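Have a look at the structure below before the remarks.
Each reported figure results from applying straightforward, stated rules to the coordinates on display, with no laboratory input. Predicted model only: the values in this text are computed from it and were never measured. Positions of Cβ are backbone-derived with ideal geometry, glycine not excepted, and every protein chain shown enters the neighbour counts.
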Amino acid sequence: MSETKKKHGFGYYFCKVMAGIGIALLLLVLYVYLSVPTYSFKMPKPFAGEYLYNPYQDMNPGQWKKYHFHCHSRKFFGLTNGRNSTEAAIDSVYQALGYDHHGISDYMSINKHGAEREDYIPAYEHGYGLIRKTHQICIGAESVYLPDFPFMQNLSMKQHIINKLGERSRFVMPAHASFTKGYKVGDMKWLSNYRLLEIVNPFGSALEHWDMALSNGHRVYAVGNDDTHNVTNTSEVCRNLTMVNTPSLKAEAVYGALEKGLCYAVEFDNFFHFPMTLDQKAAQAHGLPYLTMAQLFGDTLSVSVSAKEMKEVKFVGQDGKVLKTVENVDTAYYVIQPDDTYVRTQINVNGLQHFYLNPVTRHPTPIVVDRRLDQVNWSQTALYWLVYAVAFVAFVWYLYKKRKEKKNDSQRAECQ
């Protein structure tokens, strides 16, 4: 009996190659998801103790600098939505606005533009997620950590990514936390091992997330960013920024200020009221009032800014509760009560600009010691990995048996 072999065309082999690539990518994603260890979390506790830590106690009002850490340039042929934001355009716009530093944080890539300058801070945005944007801004990044969980993430996965990024970056900052609910408010009760949180971002602010973290004893400090994708669109720039109290633009000095909490987030709020030209925004940014006092006198917190008066000042405490509100004052006071675990201050300066100050927190000792909640549960992790390994071996054995049966059936058919 003559045997005729069916010839396959280019399309057939192309489909097979693409199917192979798809299977390989699927296996890679499965490996990343299944290889993450399982974390256990200690029960969080609110701040407590007789000592009050005020991050602004030693600030110098003449050393405030305007910082912006979250901006995207055009990369990967515009695929990452950088649009018209060339490095030259970014420099031009933010220099006109009077910023002291405007960092570029491209997706999964450290942009070396300006690396020769003393104010250069390497940064990037980590995360592939599209449906759930559980992203982080890595500030002071030494290298890019490529793994991520592009789809849904549980608490262990979020903590694992924070830990891994922290090994390669000075600061790991959850970005636009409420955007697509990448971080749920309840997550912040348990997550630790990060210092900064992007609380104001045009795509998703995180005041509730911040109060949840603070209410559970996590010393987390506020950052504001534009999250710019197109600097030629005036409405995207000068929306939010971070004021950093530092005598120098050198990276280590800035890192030290951020670590201590010598910073605060600023929300311009101009986009929601009326459109402004770049020149108008520049004038507003150059004339931006600044914090002149946030000092403890015994148990009394006193706050003032360089403006003649503040339209409204709110003191916020445990669980986001407003403790006191005052209006149209040049100095605001709040007497911290024994049951206040933390007190943070929100300042509506003039109806447009809003300042979000970092909290005064309670501690049992004069030296502040942060508490980690996470630890790898190795016994549970080993059990899960054993189940995964058995399931994988059983699946491979099943495929092998099916292939062998098919081959035997083919041989019997040829013999007939």
| query | Order of Val172, Val29 from fewest to most other C-beta atoms within 10 Å? | reply | Val29, Val172
| How big is D, in µm² s⁻¹, for segment 365-416 by Stokes-Einstein at 4 °C and 1.567 mPa s if Rh is the Kirkwood radius over C-alpha pairs? | 83 µm²/s
| field | Choice from Met243, Met18, Met43 showing the highest fluctuation, given a GNM over the chain with Cα pairs closer than 10 Å | value | Met18
| message | What does the extension gain come out to for Ile21 and Glu116, with contour length at 0.36 nm per residue minus their alpha carbon separation? | response | 30.2 nm
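On alpha carbon coordinates alone, what is the Rg over Rh value for segment 154-237, Rh being the Kirkwood radius?
0.99
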| About the Cα centre of the chain, what is the dipole size in debye to 20, counting +1 per Lys and Arg Cβ and -1 per Asp and Glu Cβ, all else neutral? | 2280 debye
| message | To check my understanding: the extent here is largest minus smallest coordinate of the Cα atoms along each principal axis. What are those three numbers for segment 23-154, in Å, largest first? | response | 56, 53, 25
| message | List residues of segment 211-237, by number, whose backbone nitrogen lies under 14 Å from a label position 7 Å along Cα→C-beta of Gln57. | response | none
| note | Quick calc, segment 90-207, dipole around Cα centre from Cβ unit charges on Lys, Arg (+) and Asp, Glu (-), nearest 20 debye, gives 640 debye
| request: Using only alpha carbon pairs under 8 Å that are at least six residues apart, calculate the relative contact order of segment 289-371 and give it in whole percent. | output: 25 percent
| Across Lys42/Lys133; Lys66/Lys311; Lys16/Lys158; Lys281/Lys314; Lys16/Lys181; Lys281/Lys324, pairs whose alpha-carbon gap is larger than 29 Å | Lys16/Lys158; Lys16/Lys181; Lys281/Lys324
| note | Dividing the mean separation of Cα pairs under 8 Å (6+ apart) by the residue count of segment 86-236 yields a relative contact order in percent of 16 percent
| remark: Most exposed to least, judged by fewest other Cβ atoms within 10 Å, Arg168, Arg74 sort to Arg168, Arg74
| query | Counting alpha carbon pairs within less than 8 Å and at least 6 residues apart, what relative contact order, in whole percent, applies to the chain? | reply | 18 percent
| said: Of Met152, Pro44, Gln95, which is farthest towards the positive pole of the chain's charge dipole, taken about the Cα centre with +1 and -1 on the beta-carbons of Lys, Arg and Asp, Glu respectively? | reply: Met152
| remark: Here, Thr86 and Lys406, labelled 7 Å along Cα→Cβ, have an inter-label distance in nm of 5.4 nm
| Ranked by Cβ crowding within 10 angstrom, fewest neighbours first, how are Tyr33, Tyr194 ordered? | Tyr33, Tyr194
| Counting only residues 5 or more places away or on other chains, whose amide H sits under 5 Å from the amide H of Ile199 once H atoms are built in the peptide plane? | Val223
| Taking the chain as a Gaussian network, where each spring joins two C-alpha atoms under 10 Å apart, which residue of Asn154, Asn201, Asn358 fluctuates the most? | Asn154
| Potential lengthening between Gln380 and Val368 on full extension [0.36 nm per residue; Cα-Cα distance subtracted] | 1.1 nm
| note | Hydrodynamic radius by Kirkwood for the chain, inverse mean 1/r across distinct Cα pairs, in Å, is 23.9 Å
| field | Using θ = phi - 60° and Karplus 6.51 cos²θ - 1.76 cosθ + 1.60, couplings along segment 353-359 (whole Hz; Gly, Pro as x) | value | 7, 10, 9, 10, 7, 6, x
